[in-house]
Amino acid sequence: MAPTALLSVSDKHDLLPLAEGLLRHGYRLLSSGGTAAALAAAGLPVTKVADHTGAPEILGGRVKTLHPRVHGGILARRSDPSHQADLAVQGIDAIDVVVVNLYPFRQTVADPAVSWETAVETIDIGGPAMVRAAAKNHADVAVLTDPGQYADFLAALDGGRVDADLRRQLALAAFRHTASYDAAIAAWLASRLETVGAEAGAEAAAAAPLSVELPARQSLRYGENPHQSATWYGEPEAGWGGAVQLQGKELSYNNLIDLEAALATVREFGYGPAPEGGGQSQPAAVVIKHTNPCGVATGATPDEALLRALDADRVSAFGGIVALNGEVDGAAAEHLAGLFLECVVAPSFSAEARQRLLAKTNLRLLELPAAAIGLASRRQLRSVLGGVLVQELDDQLIDEGSWQVVSRRPPSEQERADLRFAWQVVRHVRSNAIAVAAGGQTLGIGAGQTNRVGSAQLALAAAGERARGAVLASDGFFPFDDTVRLAAGHGITAVIHPGGSLRDADSINACDELGLAMLVTGRRHFLH
């Protein structure tokens, strides 16, 4: 009896060369629906599954391959006499190769306007059942789930090398294929039912297992250090998966970590083209070094914002990552051309800017459209030994209406604007975090110290004489009045912090004694 191959594919790429190769090796082709029609249209001999089973397709195509003559043929162990006897009694032919890929569920639900009914109808049932059956019986059956496997499989047939090891590898790919498919369905259902989940409360949400399925985007040269292996996983169009690298070396693990920090910071000031109907992002630029901003500034134009961000700390900017929230034009490119930088990310680059930066062949330029950011998940994942932590992104808009003036002297209009800017920056600095700023420009940043006054000392030392008349922001409350007194000694005129310390009164009294204005926000922004 000739060996049998069952072909039922949604993605018909390279279907005909595969079918021709199977026929060349003496296989009989079984197929259903559109796959059978495509093979017949090409003049290839094919038996329809309905003719093979004696049962017509029913329920509008929902039931085609769910039949004992299909699944018995796939699942029967060739070495088991009882299985072979059952096949003989039932008149079932063994199926030796299963070629199946599934209905395009991901592509269907990528449209945010897709209806519930359309999405549900795109959930494949018979396909995963055949894939899982063939993968389970990989001792006797080869299962192909990706057109990228076809050429290697035909080469193995040509060389008589469809051995147990190849079938095991194909089975592994098959189970990954169905697992990914089910994860996509579960993720879509969860996203549609998230309102119901929220109403059920935190306890119900905590009981739900975490399901994350991300395709591998690329293997990275190494991780944080050369002795660490690393891989980048991500959705093709969401977040950094939607970025277009215009030039430069391949992205590294550290590049991506720093780019994430740069993007989060610059988005504080808006990102991308102004929305229709008014409103415009304030031009802003950020320089990141080792995940911390070393220079942040706004300006009337992108090039002015960039120049001010670089001038905030030229020494630390060396080898840094730059993010802008608007198009990089020729003038901005001039500021970048003379610097050693690792990456620049922006919503777009003008033709003049691209031409000006072309000579910097190692500089990575990334265009990241605002739409790609909108497609990214709001869940933030972080691994710990043996598990994963998940939290909501800390990117909510600032609510100045909840801020309170707690000092006798309220901040002036300029001080309040500076305090807002400093607060926008300090939430993106690693805790303990202090930011000194004035006029829409950071002057000094203290990050990641084991005590808050230590971070303040670093930030104020970096600001130097520029601290006089500037403001200071802290991501957490002041447990003592030492930071306020240190700030006043350097000429700081106003401070902002979350409040909430048992000793808030000490810091407030110090402000009143020294003539500083103080705002408390009621919200902290620790970043670990």
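For Gln84, the requirement of being part of a helix (DSSP H, G or I), open to solvent by 60 Å² or more (accessible area, probe 1.4 Å) and within 27 Å of Arg161 (Cβ to Cβ) is met. Just so you know, in segment 54-75 the residues that are among the hydrophobic types (A, V, I, L, M, F, W, C) and not in a loop (DSSP other than H, G, I, E, B) include one that is surrounded by the fewest Cβ atoms within 10 Å (Cβ to Cβ), and it is Leu59. Checking the stated criteria, Pro347 turns out to be buried (at least 18 other Cβ atoms within 10 Å of the Cβ) and farther than 24 Å from Gly439 by Cβ. Of all residues in segment 145-169, those satisfying the criterion of being of a type in the set (A, V, I, L, M, F, W, C) and in contact with a Pro (Cβ under 9 Å, 6 or more places away or on another chain) are Ala151, Leu154. Condition test on Ala370, is it over 29 Å from the mean Cα position of the chain (by Cα), among the hydrophobic types (A, V, I, L, M, F, W, C) and within 24 Å of Ala309 (Cβ to Cβ)? It is false that Ala370 is over 29 Å from the mean Cα position of the chain (by Cα), among the hydrophobic types (A, V, I, L, M, F, W, C) and within 24 Å of Ala309 (Cβ to Cβ).
Residues in segment 403-444 that are in a loop (DSSP other than H, G, I, E, B) and either farther than 27 Å from Glu260 by Cβ or out of contact with any strand residue (DSSP E or B) (no Cβ under 8 Å at 6 or more places or on another chain) (or both): Trp403, Val406, Ser407, Arg408, Arg409, Pro410, Pro411, Ser412, Arg427, Ser431, Gly439. Within segment 98-111, the presence of at least one residue that is assigned to a helix (DSSP H, G or I), touching a helix residue (DSSP H, G or I) at 6+ places or on another chain (Cβ under 8 Å) and either open to solvent by less than 30 Å² (accessible area, probe 1.4 Å) or among the hydroxyl-bearing types (Ser, Thr, Tyr) (or both) is confirmed.
Is it fair to say Gln449 is in a helix (DSSP H, G or I), open to solvent by 30 Å² or more (accessible area, probe 1.4 Å) and polar (S, T, N, Q)? When the stated conditions are applied, Gln449 does not pass them. Within segment 294-330, being open to solvent by 50 Å² or more (accessible area, probe 1.4 Å) and out of contact with any strand residue (DSSP E or B) (no Cβ under 7 Å at 6 or more places or on another chain) holds for Ala300, Thr301, Glu304, Leu307, Asp311, Arg314, Val315, Phe318. Whenever a residue of segment 80-93 is under 15 Å from Asn137 (Cβ atoms), its partners that are of a type outside the set (Asp, Glu), lying with C-beta atoms within less than 6 angstrom and at least six residues away or across chains, give the pairs His83/Ala76; His83/Arg77; Leu87/Ala76; Ile92/Arg69; Ile92/Gly72; Ile92/Gly73; Asp93/Thr4; Asp93/Gly73.
Of all residues in segment 366-397, those being in contact (Cβ under 8 Å) with a residue 60 or more places away in the chain and not polar (S, T, N, Q) number 15. Within segment 44-99, the residues that satisfy the criterion of being of a type in the set (Ser, Thr, Tyr) and under 30 Å from Glu117 (Cα atoms) are Thr53, Thr65. Residue count for segment 1-53 under the criterion of being of a type in the set (Asp, Glu) and either in a helix (DSSP H, G or I) or within 18 Å of Gly73 (Cα to Cα) (or both): the result is 2.
Ser10 meets all of the listed conditions (1) in contact with a strand residue (DSSP E or B) (Cβ under 6 Å, 6 or more places away or on another chain); (2) within 18 Å of Thr145 (Cβ to Cβ); (3) modelled with pLDDT of 90 or more but one, namely (3). Within segment 29-53, the set of residues being touching a Pro at 6+ places or on another chain (Cβ under 7 Å) and crowded, with 19+ Cβ neighbours inside 10 Å comprises Leu29 only. For residues that are assigned to a helix (DSSP H, G or I) and either in contact with a helix residue (DSSP H, G or I) (Cβ under 9 Å, 6 or more places away or on another chain) or modelled with pLDDT under 85 (or both), scanning just segment 152-166, find the one that is surrounded by the most Cβ atoms within 10 Å (Cβ to Cβ). Selected residue: Phe153. Counting only strands (runs of 3 or more DSSP E) that fall entirely inside segment 277-354 and contain at least 3 residues that are in contact (Cβ under 8 Å) with a residue 60 or more places away in the chain, the qualifying elements are 292-298, 320-324, 341-346. Within segment 228-239, identify whether any single residue is among the hydrophobic types (A, V, I, L, M, F, W, C) and surrounded by 18 or more Cβ atoms within 10 Å (Cβ to Cβ), and answer yes or no. The answer is no, given that none of the residues of segment 228-239 is among the hydrophobic types (A, V, I, L, M, F, W, C) and surrounded by 18 or more Cβ atoms within 10 Å (Cβ to Cβ).
Scanning segment 355-402 for residues that are farther than 22 Å from Ala264 by Cβ and either among the aromatic types (Phe, Trp, Tyr) or part of a loop (DSSP other than H, G, I, E, B) (or both) turns up Leu358, Ala359, Lys360, Thr361, Asn362, Leu385, Gly386.
The values are calculated or read from the model by the stated rules, or taken from the named source; none is laboratory data. Quick caveat: nothing in here was measured; it's all calculated off a predicted structure. No Cβ is skipped: glycine too gets one built from the backbone with ideal geometry, and neighbour counts run over all protein chains shown. In case anyone asks, the SASA skips ligands and DNA or RNA and just uses the protein heavy atoms, side chains included. Shrake-Rupley method; radii C 1.70, N 1.55, O 1.52, S 1.80 Å.
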